[in-house]
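Presented below is the structure to which this report refers.
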Amino acid sequence: MIIPTGGFPGGLSPILFENGIPVLAEMDEQPFCMDVSDAISRVTTNTAGFIVTHLAGRIQPDLEKLRRYCTKEGLFLMEDASHAHGASIAGNKAGSLVDAACFSFYPTKIKTSLANGMITTDSKELAELARSLRHHGQGGPRNEFNYLASDWCMSEIHAAVGACQLQELDEQVAHRNQVVQWYRDRLGHLDWLMIPEHGEEIVHAYYKLPTLLHSDIDRDELQQKLEVKHGIQNGNIYYPPCHLQPVHQERFGGTIGLFPIAEKALARQFCPPVHASITKEDVDHVVKILTARVQECWKPDRS
Ligand SMILES: Cc1ncc(COP(=O)(O)O)c(C=O)c1O
């Protein structure tokens, strides 16, 4: 399976557990998603398909091009929509765009069931297989045990929490878009911080707002100052990229320079706080501290 190096490092595990081989692909400098042309260039006769991640809640660019390619070549295409609850493109929701999708409902996600997740598909066969696998591989007309699996059922309590949470999904996505607009109004004109744009056909879920800092800014120092000195929690998305994570480094011969765009972009990525209860006044405060503190973090001489 082909999967972006700039995604969730744990996303490679299911492929490896099934004795598959994850093949990493480069990412775009922005909006930090998989580079579809690079991914397609890695296809061989052994390729089963692709898993794309709607990173930070932004629908994977060129997804339609990839979908058409997969249909033509008979390859499987899956969305990791863990960041993209409520995101859409041209009115079509994340989770309904290709062969199948997975969602995480981990507590930090836009909506949560406190644990577990969800698979969506419009394939009857795949849905039946997923239902069987979630309960020890049991199913079919005679309710036999047909597959090696485990107990991956969501408890009713977790499902009830998730169902309640989902009722406020659209409201939550609208709030996050409003917060990002406040950041755009205040930071959009700066030449040291770039906020990626997207077309009007996209509804971005803004699980996070990944921005790109000027390459002379010491991102780690800036993050540290905001967090430790000012209590402003901020973040970035999965750094370093998968090929440089200890668990995978040896497997991929993961030397620096293997995926230069992902390495450079992720090292400069900075996510100001976006969450369910952040207010306009909070955004003003974050912007004030950020613009004051960044002055101390310019390191043009770093090698
Ligand atoms: C993009 C992505 N995929 C998958 C996962 C895994 O989700 P879970 O912890 O619910 O298994 C995460 C979790 O952070 C994620 O961010």
### Query
Is there a residue being more than 20 Å from Met34 (Cα to Cα), outside any loop (DSSP other than H, G, I, E, B) and at pLDDT 95 or above anywhere in segment 104-117?
yes
### Task
Scan segment 20-53 for residues that are in a loop (DSSP other than H, G, I, E, B), surrounded by fewer than 16 Cβ atoms within 10 Å (Cβ to Cβ) and free of Cβ contacts under 8 Å to residues at least 40 places away in the same chain and report the count.
5
### Query
Just one of the numbered conditions (1) part of a helix (DSSP H, G or I); (2) within 16 Å of the ligand (Cβ to nearest atom); (3) farther than 21 Å from Ile2 by Cβ is not true of Val247; which one?
(3)
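Table: residues versus (1) within 30 Å of Leu12 (Cα to Cα); (2) out of contact with any His (no Cβ under 9 Å at 6 or more places or on another chain); (3) surrounded by 15 or more Cβ atoms within 10 Å (Cβ to Cβ).
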position: Gln224; (1), (2), (3): yes, yes, no
position: Val228; (1), (2), (3): no, yes, no
position: Pro240; (1), (2), (3): yes, yes, yes
position: Gly253; (1), (2), (3): yes, no, no
position: Gly257; (1), (2), (3): yes, yes, no
position: Lys280; (1), (2), (3): no, yes, no
position: Thr291; (1), (2), (3): no, yes, no
position: Glu296; (1), (2), (3): no, yes, no
position: Pro300; (1), (2), (3): no, yes, no
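Yes or no, residue by residue, for (1) away from the ligand (no atom under 16 Å from the Cβ); (2) over 12 Å from the mean Cα position of the chain (by Cα); (3) closer than 22 Å to Gly254 by Cβ:
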site: Phe17; (1), (2), (3): no, yes, yes
site: Ile21; (1), (2), (3): yes, yes, yes
site: Glu29; (1), (2), (3): yes, yes, yes
site: Asp38; (1), (2), (3): yes, yes, yes
site: Ser41; (1), (2), (3): yes, yes, yes
site: Gly49; (1), (2), (3): yes, yes, no
site: Gly57; (1), (2), (3): no, no, no
site: Arg68; (1), (2), (3): yes, yes, no
site: Lys72; (1), (2), (3): yes, yes, no
### Query
Would you pick out the residues in segment 78-104 that are touching a residue at least 60 places away in the same chain (Cβ under 8 Å), closer than 22 Å to Ser155 by Cβ and within 11 Å of the ligand (Cβ to nearest atom)?
Ser82
### Query
Is it fair to say Ala115 is under 19 Å from the mean Cα position of the chain (by Cα) and either within 16 Å of the ligand (Cβ to nearest atom) or among the β-branched types (Val, Ile, Thr) (or both)?
yes
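The values are calculated or read from the model by the stated rules, or taken from the named source; none is laboratory data. Since we're looking at a predicted model, the values are computed, not measured. Cβ atoms come from the backbone with ideal geometry, glycine included; neighbour counts cover every protein chain shown.
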